[in-house]
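Structure record follows, encoded as structure tokens.
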Amino acid sequence: MDWKDKLNEVKNTVPQVEETPPSAIIKPPKKRQVEPLRVELDKRNGKPATLVTDFKGKDDELKELAKLLKVKCGAGGSSRDGEILVQGDFRVKIADILLEMGFKVKKINFK
């Protein structure tokens, strides 16, 4: 038995995990988030950055949403005080993700 057979044997014993859609991970807070999230482009130190503002909810929910958006866009960023900053111009992609999750979105500076 060589290493390939052992690897296939281990692979067959590991349970398969199904990927959950973004809407199942974070649900928009029903009572708190009445107004739409604002998605806009901003320049930080001459570089483009996508801002998501007007988030009403807990800091934990904001951090989870920020992490999800950063992973989906493959970029860095930060979150604090109801604002999510994602490095780069991802206005359309972020707006689509938020709409899919059930948030209302107000698009600012879209073409």
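Some observations on this one:
- Test: residue in the stretch 21-31 that is at pLDDT below 90, surrounded by fewer than 10 Cβ atoms within 10 Å (Cβ to Cβ) and among the hydroxyl-bearing types (Ser, Thr, Tyr): no
- Of all residues in the stretch 63-86, at least one satisfies being in contact with a Cys (Cβ under 7 Å, 6 or more places away or on another chain) and either more than 23 Å from Phe110 (Cα to Cα) or at pLDDT 95 or above (or both).
- Here the stretch 34-59 is the region considered, the condition is being in a loop (DSSP other than H, G, I, E, B) and hydrophobic (A, V, I, L, M, F, W, C), and the residue that is farthest from Ile94 (Cα to Cα) is Val34.
- For the stretch 40-56, the condition holds for at least one residue, the condition being that it is at pLDDT below 90 and surrounded by 12 or more Cβ atoms within 10 Å (Cβ to Cβ).
- Residue within the stretch 5-13 that is on the phi < 0 side of the Ramachandran plot, at pLDDT below 85 and not in a strand (DSSP E or B) present: no
- Top-ranked residue in the stretch 83-111 [being touching a residue at least 12 places away in the same chain (Cβ under 8 Å) and in a loop (DSSP other than H, G, I, E, B); ranked as nearest to Lys70 (Cα to Cα)]: Phe90
- Filtered residue count, the stretch 60-82, keeping only those that are without any contact (Cβ under 8 Å) to a residue 24 or more places away in the chain, part of a helix (DSSP H, G or I) and not hydrophobic (A, V, I, L, M, F, W, C): 4
The values are calculated or read from the model by the stated rules, or taken from the named source; none is laboratory data. All of these numbers come straight from a predicted model, not from anything done at the bench. For neighbour counting, all protein chains shown are included, and Cβ atoms are generated from backbone atoms with ideal geometry for every residue, glycine included.
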